Amino acid sequence: RAIGADHPLVQQFWEIFDYLEPDSDEGILNHHRDPSMIAINLPHFEQVCNDRRVSFPPILELKRVLNTSRRHKFLAIIPVNSIIHDRFNRDLRGTSTRKPSIVRCWVFERGGK
């Protein structure tokens, strides 16, 4: 069983994701529009963790091991048309600056819990 387990940093990453990402259509971390996929922009992940005072693994170390994820199979690092930024831009008021519609994300195929 230990052989098939994710690296401890990857496990910690997914625990944080599960803690912060609500089970609703209004996610705050998953930029992907397809519910069977997970797209995480690491700078955004870091920002959300900091805003909510959640400690997270060092990003440089996480980048070295995140592509080994087994729980949610890693697919690629690619530009994604962000549903999160789309919601933000649609709800803009006043002098807020629009967020880019395309963000570079680590994309995973959603696996079972």
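The values are calculated or read from the model by the stated rules, or taken from the named source; none is laboratory data. In this text the structure is predicted, and so the values were computed from the model without any measurement. So basically every Cβ, Gly included, is an ideal-geometry build from the backbone, and we count neighbours across all protein chains shown.
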Fill in the blank from the handout: Scanning region 48-84 residue by residue, those over 21 Å from Pro100 (Cα atoms) and of a type in the set (A, V, I, L, M) turn out to be Val54, Ile59, Leu60, Leu62, Val65, Leu66, Leu75
Handout entry: Pairs with Cβ under 7 Å, 6+ apart, first in region 26-40 and touching a residue at least 40 places away in the same chain (Cβ under 8 Å), second in a loop (DSSP other than H, G, I, E, B) and among the hydrophobic types (A, V, I, L, M, F, W, C)
Key = Ile40/Leu29
Completion exercise
Pairing a residue in region 75-91 that is without any contact (Cβ under 8 Å) to a residue 40 or more places away in the chain with any residue that is in a strand (DSSP E or B) and basic (Lys, Arg), where Cβ atoms lie under 8 Å and the two sit 6 or more apart in sequence or on different chains, gives Ile77/Arg104; Ile78/Arg104; Pro79/Arg104
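Tally time: how many residues in region 61-108 are among the polar types (S, T, N, Q) and in contact with a strand residue (DSSP E or B) (Cβ under 8 Å, 6 or more places away or on another chain)? Steps first, answer last, please.
Keep residues of region 61-108 that are among the polar types (S, T, N, Q), which gives 67-69, 81-82, 89, 95-97, 101.
Add one more test, that the residue is in contact with a strand residue (DSSP E or B) (Cβ under 8 Å, 6 or more places away or on another chain), and what stays is 67-69, 81-82, 101.
Residues meeting the conditions: 6.
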Handout entry: Hits in region 72-113 (condition: touching a Lys or Arg at 6+ places or on another chain (Cβ under 9 Å) and among the acidic types (Asp, Glu))
Key = Asp86, Glu109
Practice task
With the condition kept exactly as written, say whether any residue in region 25-47 is at pLDDT below 95, more than 21 Å from Ile102 (Cβ to Cβ) and of a type outside the set (Gly, Ala, Ser).
Solution key: no
